[in-house]
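*Asks:* Here it is: the structure, laid out below.
The values are calculated or read from the model by the stated rules, or taken from the named source; none is laboratory data. Small disclaimer: the values here were computed from a predicted structure and weren't measured. Counting neighbours? That spans all protein chains shown, and the Cβs are built from the backbone with ideal geometry, glycine included.
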């Protein structure tokens, strides 16, 4: 903590530099290079940085880097058959909520937490994102066990 009660970018555990929005440089680059262009193209409805924590075990939590809401597919009732009420309102199917975990390199503890979270929260699709340098990223889906 700085003089006057102001927090420093290094006040977080591990002393890693973070900006006012809480993101480190790699997370900010991923949001800028990947998530925001996909949102502008309509593939993503919205995304949030560190929106919540998942309790994995007593005193053990996992805080996802990004929660990503993908645009779903709209289906009209006529394509699904007749409805009981007769209303012709569209229904969204296949909406996806993804959790994107962005790392420069993976350590065993981080990968284990991600796998445990994927097993406990099967309604999310967990995506491990690794920087491949120069604005490129490698993706790995972590399936629920």
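*Asks:* Filter the stretch 103-145 for residues that are closer than 15 Å to residue 65 by Cα, in contact with a strand residue (DSSP E or B) (Cβ under 7 Å, 6 or more places away or on another chain) and assigned to a helix (DSSP H, G or I); which is modelled with the lowest pLDDT?
*Replies:* Here the answer is 110.
*Asks:* Just a yes or no: is a residue in the stretch 71-90 under 24 Å from residue 135 (Cβ atoms), surrounded by fewer than 16 Cβ atoms within 10 Å (Cβ to Cβ) and modelled with pLDDT under 95?
*Replies:* Taking every residue of the stretch 71-90 in turn, none turns out to be under 24 Å from residue 135 (Cβ atoms), surrounded by fewer than 16 Cβ atoms within 10 Å (Cβ to Cβ) and modelled with pLDDT under 95.
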